[in-house]
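These notes are about the structure you will find just below.
Throughout, read-outs are computed from the coordinates displayed, never taken from laboratory work. What you see is a predicted model, and the numbers here were worked out from it, not measured in a lab. When we count neighbours, we look across all protein chains shown, and the Cβ atoms used for this are built from the backbone with ideal geometry, even at glycine.
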Number of protein chains: 2
Amino acid sequence: MRNVVVIGVGMTKFGKFPEMTVEQLGRVAAWEAIKDAGMSPKDIQVVYLGNLTERRETGHISCVAQEILRGVGIRGIPVTRVENACASGSTAFREAWMAVGCGLYDIALAGGVEKLTGMGPAPLARIGDTIEGIAGFSPPGVWAMRAQRHMAQYGTTLEQLAKVAVKNRKHGTLNPRAHYPKEVTVEEVRNSPMICYPLTLLDSCPTTDGGAAAVICSEEVAKRYTTKPIYVAATVLKSGTYENLRNIAVNEIEQRAAKEAYERAGIGPEDLDFAEVHDCFTIAEIVRIENLGFCNEGEGGRMAEEGVTALGGKLPVNPSGGLLCKGHPVGATGVAQVAELCWQLRGEAGARQVQGAQVGLAHCSGGFIGHDTGASTVIILRR
Amino acid sequence: MRNVVVIGVGMTKFGKFPEMTVEQLGRVAAWEAIKDAGMSPKDIQVVYLGNLTERRETGHISCVAQEILRGVGIRGIPVTRVENACASGSTAFREAWMAVGCGLYDIALAGGVEKLTGMGPAPLARIGDTIEGIAGFSPPGVWAMRAQRHMAQYGTTLEQLAKVAVKNRKHGTLNPRAHYPKEVTVEEVRNSPMICYPLTLLDSCPTTDGGAAAVICSEEVAKRYTTKPIYVAATVLKSGTYENLRNIAVNEIEQRAAKEAYERAGIGPEDLDFAEVHDCFTIAEIVRIENLGFCNEGEGGRMAEEGVTALGGKLPVNPSGGLLCKGHPVGATGVAQVAELCWQLRGEAGARQVQGAQVGLAHCSGGFIGHDTGASTVIILRR
């Protein structure tokens, strides 16, 4: 596999856009990424799109990627939609990386898009087996159990949970593309409506529409377009093993994905300058920064409390605002993380810039989280 | 890209299986392919699954691939669902080919599965824009217009259309896995219920459940497992260009896919011993064998009439029975075609064996067929 770089990224503002179709959201992001790369749509040779719910609000099925690209002027080339639940976007990025890395193509577009507005209440409650969803084992239920286990086992506090939301929402106020760029206090988090004890509304990511895209190419081709290529140091995808169900506060799938990513990149977590981590709930960031090796097992709660993971701290986590504040349009999330990594590594992140950022990590996990199955991705990019 | 071979294939019987879940169908196919390869589930290093409708009959969304593999004992590895409408299975095969060909993995499983039973009437009517579907521009409507154009432009007859159904259903009687293995006459085809003039029920493929799988690996690794590797000579994916909408009887997307596949394989259509072609309707086989270069434009109707494309003819098309008789469980179709190619090329196709078969082609197209968009794949395998 030859070296692969990201040379253009784009992203819609995340939010609720009932007036826009999923195709329009995808096109806005694709256009921005192509322009950012200094390219024309005709330069794109292969496309992968991460998307879970297609155009289900209209009943349409199949080939949403081609419909998006038709409006951008990309046509004729290989186009594939990939799905791995909440890791769909990062899976699309990985396929695009493989297609360029193996030499079959020089320039690829990785996109992700989701239109959750219009799908009725709790559109993602059906991730997981239906019967478990009916029984309450939907994502909030699973994560509430994880939170309770984490609190019982490691002494994690309700205040520590809330401080993750406080931190990420503060970061998000510095991101003009975030869905809910508004600071909150620990009291506001705890006093917001209870979803599933101990998780409140503000412990949870919102239901969001949005799109994101990245243009990636070979190191050689990049020289024609940019002086700021961002290198793909690792992009890893894993599925679950169902082996550590005795402690649902731990995700062994993420530990394995991170381990391989560090090996491939030739670095350790101590070398990271910042990370975007799949904080679908406050407890998710706590568990996952442990799984990713940012701290020891059980210490995740203290990281937000002590400011380690805040902008200006030792290892800022979710400078973009994360899923909690920026929003979580499923298929778009993994690619939006890549966009944030690139903006940070190019020094273009504005008020939320991590000073001197050289290496960043993006993490997504999705799927049937109750069984530790599904998919987990870890992407490491460097200047 | 190094040489890649298929060393094991599997397929459920195609039919209506209301008592089986989509996961069970997928598992039956995966198990057979792994056993056929002489492998253990632990040997599989990466999986791609083609699937369109997930488990929509139960309301479940996401990660159906991981759920299938959980029951087979495949876990921990990269797993990705891909979707390209009716070309989803062949797209999965192509991604698996790329993953092995580029050297990242030695052994991959490409699967395809679909459970259409339980999705209500006409589950595929929503392929295409919703408004066009409501207006009758669903697949039967589009193909009926194509048939009328082909009849007006080239003199294709209703009898020629019917003879495609007669041929493929006769082939299917020789295939114990076919959905409707029953011979029909031209009169029966014409007298079956009219779907959309001139296409009758027997001009159309049925609504079918089923799964298929293929184990592919590097040429080197194959030596440990088989003396009958089947080589992937080409696997091509294209999307539409919207350029030839003046004649909807022609699919330029398929012409381009075939052209590149022949170039990559270093052969022409005259070198093929047989082919599996996406005959979702009788007119589809006629149009597509023209697009694939098996005959000149406008001559497709005569090929079935003159027996050229029948078993025993110069270029047998759909010896398996094709979509018309074997059935069309969307995501499974492209991988089932690969299975048929392998059985034929290994001389294991029983009563439907194409004698001395050395090279076979499989073709799928899917998506928003009204705009010549969507996806088209051409796979060429050789002994």
Among DSSP beta bridges lying fully in the protein assembly as shown, give the percent that are antiparallel, nearest 5. 70 percent
Provide a whole-number value for the mean count of partner chain Cβ atoms within 10 Å of the Cβ atoms in peptide B:65-78. 5
Suppose each label sits 7 Å from its Cα in the direction of the beta carbon; what would the B:K182-A:Y242 distance come out to in nanometres? 3.9 nm
Any idea which of B:M11, B:G298, B:A275 is furthest toward the positive side of the dipole for chain B, if Lys and Arg beta-carbons carry +1 and Asp and Glu beta-carbons -1? B:M11
What number, rounded to the nearest 500 deg cm²/dmol, is the helix-based mean residue ellipticity at 222 nm of chain A, given -39500 (n - 2.57) per DSSP H run of at least four residues and division by all its residues? -10500 deg cm²/dmol
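Evaluate the charge dipole of the protein assembly as shown about its Cα centre and quote only its size in Debye, nearest 20, assuming +1 on the Cβ of each Lys and Arg and -1 on the Cβ of each Asp and Glu.
My answer is approximately 280 debye.
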Of all DSSP beta bridges in the stretch A:1-157, what percent run antiparallel (nearest 5)? 10 percent
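Taking every residue in B:81-92, how many Cβ atoms of other protein chains lie within 10 Å of its Cβ, on average? Before the final figure, lay out the partial values.
Details: counts 9, 7, 12, 8, 5, 2, 3, 4, 0, 0, 5, 1.
Counting other chains' Cβ atoms within 10 Å and averaging over B:81-92 gives 5.
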With R₀ set to 30 angstrom, the calculated FRET efficiency between the beta-carbons of B:Q358 and B:S40, to the nearest 0.05, is 0.45
Among B:F368, B:G350, B:I286, which residue has its Cα furthest toward the positive end of the charge dipole of chain B, with +1 on Lys/Arg Cβ and -1 on Asp/Glu Cβ? B:G350
Efficiency of FRET from Cβ geometry, B:N296 and B:S192, R₀ 25 Å, rounded to 0.05: 0.25
Report the calculated FRET efficiency for B:E19 and A:A135 (r = Cβ-Cβ distance, R0 = 22 Å), to the nearest 0.05. 0.40
Qualifying lysines (Cα of each under 20 Å from Cα of A:K223; at least 8 residues distant if same chain): A:K35, A:K42
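Rounded to the nearest angstrom and ordered from largest down, what semi-axes does the equivalent ellipsoid of the stretch B:43-82 get from its C-alpha gyration tensor (root of 5λ)?
On the way: eigenvalues 77, 23, 9 Å².
Gyration-tensor ellipsoid for the stretch B:43-82: 20, 11, 7 Å.
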In chain B, whole DSSP H helices that both stretch 18 Å or further along their axis by alpha carbon positions and average at least 0.0 on the Kyte-Doolittle scale are B:88-101, B:330-345
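When the Kirkwood radius is taken over all Cα pairs of the protein assembly as shown, what Stokes-Einstein diffusion coefficient follows at 4 °C and 1.567 mPa s, in µm²/s?
Values: Rh = 26.0 Å.
Diffusion coefficient, whole number: 50 µm²/s.
With only Lys, Arg, Asp and Glu charged, each at its Cβ (+1 for the first two, -1 for the last two), find how big the charge dipole of the stretch B:284-352 is about the Cα centre; round to the nearest 20 debye. Mind showing how you got there, number by number?
Numbers: 6 positive and 8 negative charges, 54 e Å.
Roughly 260 debye, rounded to the nearest 20.
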When A:E270, B:E340 are ranked with the fewest other C-beta atoms within 10 Å first, the list becomes A:E270, B:E340
If B:I380, A:I379 are placed from fewest to most neighbouring beta carbons inside 10 Å, the sequence is B:I380, A:I379
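Could you work out, residue by residue across B:233-241, how many beta carbons of other chains sit within 10 Å of that residue's beta carbon, and then give the average as an integer? Let's see the in-between values first.
Working: counts 0, 0, 0, 1, 5, 5, 13, 7, 4.
Per-residue shielding by partner chains comes out at 4.
Work out, in µm²/s and without decimals, the Stokes-Einstein translational diffusion coefficient of the stretch A:146-232 at 4 °C, 1.567 mPa s, Rh from Kirkwood over C-alpha pairs. List each step's numbers first, then the result.
On the way: Rh = 16.0 Å.
Rounded, D is 81 µm²/s.
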Would any residue of the stretch B:264-284 have its amide N under 17 Å from a label point 7 Å out along Cα→Cβ of B:K314? List them or say none. B:268-275
Give, rounded to the nearest 20 debye, the magnitude of the charge dipole that the stretch A:81-230 has about its Cα centre when Lys and Arg contribute +1 at Cβ and Asp and Glu contribute -1 at Cβ. 340 debye
Exposure proxy check on B:T241, A:T333: fewest-to-most Cβ neighbours within 10 Å is B:T241, A:T333
